[in-house]
Amino acid sequence: MNSFEELGVLPVFAEKLKERSIVKPTAIQSLIIPRLIEGKNILFRSETGTGKTFAYLLPALQPLVCAEESVNYNQGPAVVICAPTLELCSQIKEEIDFLLSDLLKERKDLHTALLIGSVKIDKHIESLKRTKPAIVVGNPGRLLVLAKMKKLWLNNLSFLILDEADRLTAQECLDDTNELLSIIKRNTEKRENNVLSLAACSATVGIKTCEQLGPLFKNVEIIESDDHEILRERIEHWAIFSERRRKVQTLRSLLAAIKGKKSRIKALVFTSRNDEAGKILSQLQHHNMNAEGLFGKQLKKPITGAERKAALDSFKKGKADVLVSTDLAARGLDIPGITHVIALDVPSDGEVYIHRCGRTGRAGKYGVMVTIGDETQMHLLASLEKKLKIKVYPKELYQGRICAPEEL
């Protein structure tokens, strides 16, 4: 396929995509968009940065745009999109607003609601009552609470999307996700027309995820891709040895070497633990590094949703050079222009490594994935190197430069 129109996408959406210089569908979009337009139920996997969000949004929004203006959403939204993190939900909402921005001037009935746990529930209840949204985006916990309170009706649902489906079926989300799906299933079965289109996606979903999603996702087409072209060809992988007690110092030296004479850098730093993230951020800021944090707590003090949003916005706009994050907080985020992803630990499986890598090397650009670890972690990284069929290059820091060992 050479164009979105050939996939069945409405011209109004194709024109909006051109505003971002998106004129040709990615491989996964060419596979998924026609299937979802046809009404097929799909669980699909594709690398990060390949356009999964538009792959499901375009088919989900088209029926709303084609509907008569007099459509009534008193019985609940037509489209529900569920994602595991507040930041990812906000990002999806922004993409919906982008696609519908021109249409909203004419269609006063097309409202979108963002229902996330960082906002007081009373505000959500008032918003749902006042706007009667056609599209709802939210995390499973907040969607479930509102549905059980009968403030979010799900009687009108025609399209359900689960983004980062593997995380939605992880231990911390699984109970809420399955209870929400059970409510949707019961409501759908009560309708005369019980047709409900389903889509679930992630960079690392598969048959196991589908099984965990229960009966609602039994009859879905599973489209999996083992192609890690971006992981291997657009991202260079580095390993820097450091003793555990010196990791933050090594990180500071690495960031200084990356920056060099540049006025700006854009580096995303990962650690798996909230308490570690807070300490890393504090030390970077103590040494006058322009850094922000995206995680749940900082030194045992909860970080509010507003604070997390401000940190993310600062990094996106280039006001902060470094963003320190946990894996859950940065899950699925599309932050343009990240040149380096730096990990201060090595995950036990390849899926987390893939998600971390996927924050760079996006939209046709190249990036670098750097792992800073001790001897044990270097062994783990070597195992991932074989499993993912990537090449990891050892690097050392010497006199403010990043060098290969043979160059010293």
Gap separating the Cα centres of region 16-53 and region 92-132, nearest whole Å: 23 Å
Where labels lie 7 Å past Cα in the beta-carbon direction, separation of S348 and E396 in nm: 3.3 nm
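Ratio of alpha-carbon Rg to the 2.2 N^0.38 Å globular estimate for region 5-223, to two decimals, please. Numbers along the way, then the final one.
Working: Rg = 16.2 Å, N = 219, 2.2 N^0.38 = 17.1 Å.
Region 5-223 yields a ratio of 0.95.
Among the GluC sites (Glu not before Pro) within region 33-139, which fall in a DSSP loop and have no more than 10 other Cβ atoms within 10 Å of their own Cβ?
Loop-located and lightly packed - E38, E68, E69, E106.
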Sorted largest first, extent of the chain alpha carbons per principal axis (Å): 72, 47, 40
DSSP-assigned coil residues among trypsin sites (Lys or Arg not before Pro) in region 9-44, each with at most 10 further Cβ atoms within 10 Å: R20
Dimensionless Rg/Rh of region 231-352 - Kirkwood Rh, Rg from C-alpha atoms: 0.93
Those trypsin sites (Lys or Arg not before Pro) in region 92-123 that DSSP places in a loop and that have at most 10 other beta carbons within 10 Å: K108, K120
Kirkwood estimate for region 111-163, i.e. one over the average of 1/r between Cα atoms, Å: 11.2 Å
Sorted peptide list for 179-185, 132-138, 383-389, 254-260, criterion being average Cβ within 10 angstrom, highest first: 132-138, 179-185, 254-260, 383-389
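Here, each number is a calculation from the coordinates, and none is a lab measurement. As the structure is a prediction and not an experimental result, all values here were calculated from the model. Heads up, the Cβs are rebuilt from the backbone with ideal geometry, glycines too, and the neighbour counts pull from every protein chain shown.
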